[in-house]
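For reference, the structure is listed below as structure tokens.
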Amino acid sequence: MNDVLPDEAPRWQRFEDAARDVFRQYGYRNIRTPIVEPTELFVRGVGETTDIVEKEMYSFVDSMNGDRLSLRPEGTAPTVRAALEHNLLYGGPQRLWYGGPLFRHERPQKGRYRQYHTLGVEALGFGGPDIDIELLVMGHRLWKRLGIEGVELQINTIGSAEERRAFRTKLIDYFERHRDTLDADATRRLHANPLRLLDSKNPAMQQVIEGAPRLMESLGEASRANFEAVQAGLRDAGIAYTINPRLVRGLDYYNLTVFEWVSSRLGAQNAVCSGGRYDGLFEQLGGKPTPGCGFGIGVERALMLIDEPTGLAENPFDVYLVRQGEAAAAFGARVAETLRDAGLSVVLHCGGGSFKSQLKRADASGARFAVIVGDDEAAAGDVNVKPLRESSDQVRVPVSQAAAIIKKQ
């Protein structure tokens with residue numbers, strides 16, 4: 001779990017601002033759910049035999065009432081829970097987005113930590129492939145907005161729950177015949193969650209995985225037609241993609257379309273955004289049959305792909321206000337508020353010190369201007385405006401003119 005320090009935070013803010021703006025362009029509205037949820041929500045929603053529920057959740061018993069609670073490991077189940085609890089779909093389908101920290105007790109890796117942050121979207125109540133296409137087009141627009149290049153879209157279909165159950169039997173039979181090649185993790189998953197064997201990264205298992213039955217060959221006409229429609233939509237939008245038959249996703253609630261945006265710059269765990277359709281999740285959580293589709297972006301991983309320096313790539317401050325003298329102290333505070341009323345960002349020097357030491361602080365702050373106030377200026381209602389990043393001369397002007405001068409440059 002990591003701190004995000006002030007020099008790094010502007011990059012996070014610009015990323016989040018861009019994502020929020022893109023989501024708004026597509027009609028998605030913000031929802032905010034608690035960080036802590038009942039453990040049963042994830043057992044029922046994510047799946048009892050998934051890695052998340054079996055060994056990655058931070059769970060505890062509430063000492064006040066004995067409730068079993070967990071820090072949220074993903075964002076979809078809480079969003080669906082909130083939609084059910086507050087009857088959000090009463091007036092029709094909902095496009096929603098959310099952001100915040102998630103928690104998984106897994107081995108820390110490059111850009112992947114035990115507390116990590118996500119920006120996610122969920123389209124609830126929309127059946128058919130057109131919403132799947134919209135989500136993928138929206139993701140593509142966000143990468144362009146952020147200047148992220150070299151991100152590859154991988155898609156697959158995992159069919160319906162009934163089709164997967166039939167395929168599970170074939171898969172188990174196949175891997176049972178090759179049990180001696182399976183590692184401990186695969187052996188543990190074989191009967192509980194055999195589809196996860198297909199996305200194993202163990203080099204020793206790749207040959208046997210390549211020979212495994214293909215889910216696509218077990219799908220019916222409706223699932224195939226849905227997948228063809230998604231591909232047609234992507235082609236029409238001019239978005240390149242590859243079909244990855246081993247892409248199955250690690251959460252039990254998915255069906256039909258699944259996808260990942262991946263980058264070779266992220267190492268073995270190369271996904272920066274993952275998602276898909278989950279038409280059975282509402283029923284799993286006690287609701288009526290309702291379609292859903294969404295994705296989640298790993299913020300830390302996405303930031304690794306943005307080619308800009310860390311720190312103050314954009315100057316956060318317009319003015320550093322320097323003040324010395326008893327009258328100047330109160331006057332300077334009022335000047336700072338006046339400049340803020342005009343829309344400028346102002347750091348007011350606190351803690352005393354000579355003009356020279358304060359001007360050093362002003363220069364180090366990154367501000368574009370120093371506004372300097374002494375007792376003489378306070379008596380006259382004036383300020384000195386000193387450019388810190390340009391060679392222009394310092395000027396003394398009435399307070400009422402200071403904001404206009406700063407905004408001109």
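The values are calculated or read from the model by the stated rules, or taken from the named source; none is laboratory data. Note that the structure is predicted; figures quoted are calculated from it, not measured. Cβ coordinates were reconstructed from backbone atoms using ideal geometry, including for glycine residues, and neighbour counts include every protein chain displayed.
Of all the listed residues (LEU142, LEU124), the sole one being aliphatic (A, V, I, L, M), at pLDDT 80 or above and closer than 25 Å to GLN284 by Cβ is LEU124. Only residues that are of a type in the set (Val, Ile, Thr) and assigned to a loop (DSSP other than H, G, I, E, B) were counted across the range 277-300, and they come to 1. Here is the figure for the range 150-194: residues that are of a type in the set (Phe, Trp, Tyr) and either surrounded by fewer than 19 Cβ atoms within 10 Å (Cβ to Cβ) or free of Cβ contacts under 8 Å to residues at least 40 places away in the same chain (or both) total 2. Here GLN284, GLN324 are screened, and the one residue that is touching a Lys or Arg at 6+ places or on another chain (Cβ under 6 Å) and surrounded by fewer than 19 Cβ atoms within 10 Å (Cβ to Cβ) is GLN284. Could you check PRO129 against (1) buried (at least 18 other Cβ atoms within 10 Å of the Cβ); (2) not assigned by TED's automatic domain parsing to the domain that holds GLU16 and say which number it fails? Here PRO129 meets the rest and fails (2). Candidates in the range 344-379 are the residues that are within 14 Å of ARG334 (Cβ to Cβ) and of a type in the set (Gly, Ala, Ser); of these, the one that is nearest to the chain's Cα centre (by Cα) is ALA378.
The set of residues from the range 344-369 being among the small types (Gly, Ala, Ser) and over 17 Å from ASP318 (Cα atoms) comprises GLY351, GLY352, GLY353, SER354, SER357. Screening LEU96 against (1) assigned to a strand (DSSP E or B); (2) at pLDDT below 90 leaves a single unmet condition, (2). On the basis of being aromatic (Phe, Trp, Tyr) and either over 24 Å from PHE259 (Cβ atoms) or in the same structural domain as GLY128 (by TED's automatic domain parsing) (or both), does PHE175 make the cut? Here the answer is yes, as PHE175 does meet what is asked. In the condition set (1) part of a helix (DSSP H, G or I); (2) surrounded by 15 or more Cβ atoms within 10 Å (Cβ to Cβ); (3) over 27 Å from the mean Cα position of the chain (by Cα); (4) not assigned by TED's automatic domain parsing to the domain that holds ILE148, LEU198 is compliant with all but (3). The set of residues from the range 11-29 being under 23 Å from LEU88 (Cβ atoms) and either of a type in the set (A, V, I, L, M) or not assigned by TED's automatic domain parsing to the domain that holds GLY100 (or both) comprises ALA19, VAL22.
Conditions (1) closer than 15 Å to ILE297 by Cα; (2) part of a helix (DSSP H, G or I); (3) charged (D, E, K, R), marked per residue:
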{"position": "GLY120", "(1), (2), (3)": "yes, no, no"}
{"position": "PHE126", "(1), (2), (3)": "no, no, no"}
{"position": "ILE131", "(1), (2), (3)": "no, yes, no"}
{"position": "GLU134", "(1), (2), (3)": "no, yes, yes"}
{"position": "GLY150", "(1), (2), (3)": "no, no, no"}
{"position": "ASN156", "(1), (2), (3)": "no, no, no"}
{"position": "THR169", "(1), (2), (3)": "no, yes, no"}
{"position": "TYR174", "(1), (2), (3)": "no, yes, no"}
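Do we find that GLY332 is surrounded by 22 or more Cβ atoms within 10 Å (Cβ to Cβ), free of Cβ contacts under 8 Å to residues at least 60 places away in the same chain and not in a loop (DSSP other than H, G, I, E, B) in this structure? Yes, satisfied. Residues of the range 81-102 that are surrounded by 15 or more Cβ atoms within 10 Å (Cβ to Cβ) and over 13 Å from the mean Cα position of the chain (by Cα): ARG81, ALA82, ALA83, LEU84, LEU88, LEU89, PRO93, GLN94, ARG95, LEU96.
Filter the range 107-126 down to residues that are crowded, with 16+ Cβ neighbours inside 10 Å and of a type in the set (D, E, K, R) and give me whichever is farthest from LEU71 (Cα to Cα).
GLU122
Just checking, does the range 230-250 include any residue being in a strand (DSSP E or B) and among the small types (Gly, Ala, Ser)? No - not one qualifying residue is present in the range 230-250. Within the bounds of the range 210-222, is there any residue that is among the charged types (D, E, K, R) and closer than 21 Å to GLY150 by Cβ? For the range 210-222, residues among the charged types (D, E, K, R) and closer than 21 Å to GLY150 by Cβ: absent. The set of residues in the range 251-276 being part of a strand (DSSP E or B) and more than 18 Å from ILE131 (Cα to Cα) consists of VAL262, ALA271, VAL272.
Residues in the range 382-392 that are assigned to a loop (DSSP other than H, G, I, E, B) and not small (Gly, Ala, Ser) were compared, and the one that is surrounded by the most Cβ atoms within 10 Å (Cβ to Cβ) is LEU388. Mind checking whether some residue in the range 302-315 is at pLDDT 90 or above, surrounded by fewer than 23 Cβ atoms within 10 Å (Cβ to Cβ) and of a type in the set (D, E, K, R)? Scanning the range 302-315, I find no residue that is at pLDDT 90 or above, surrounded by fewer than 23 Cβ atoms within 10 Å (Cβ to Cβ) and of a type in the set (D, E, K, R), so the answer is no.
The listed residues are ALA379, ALA362, ALA403, and the only one of them that is surrounded by 18 or more Cβ atoms within 10 Å (Cβ to Cβ), in contact with a helix residue (DSSP H, G or I) (Cβ under 8 Å, 6 or more places away or on another chain) and assigned to a helix (DSSP H, G or I) turns out to be ALA403.
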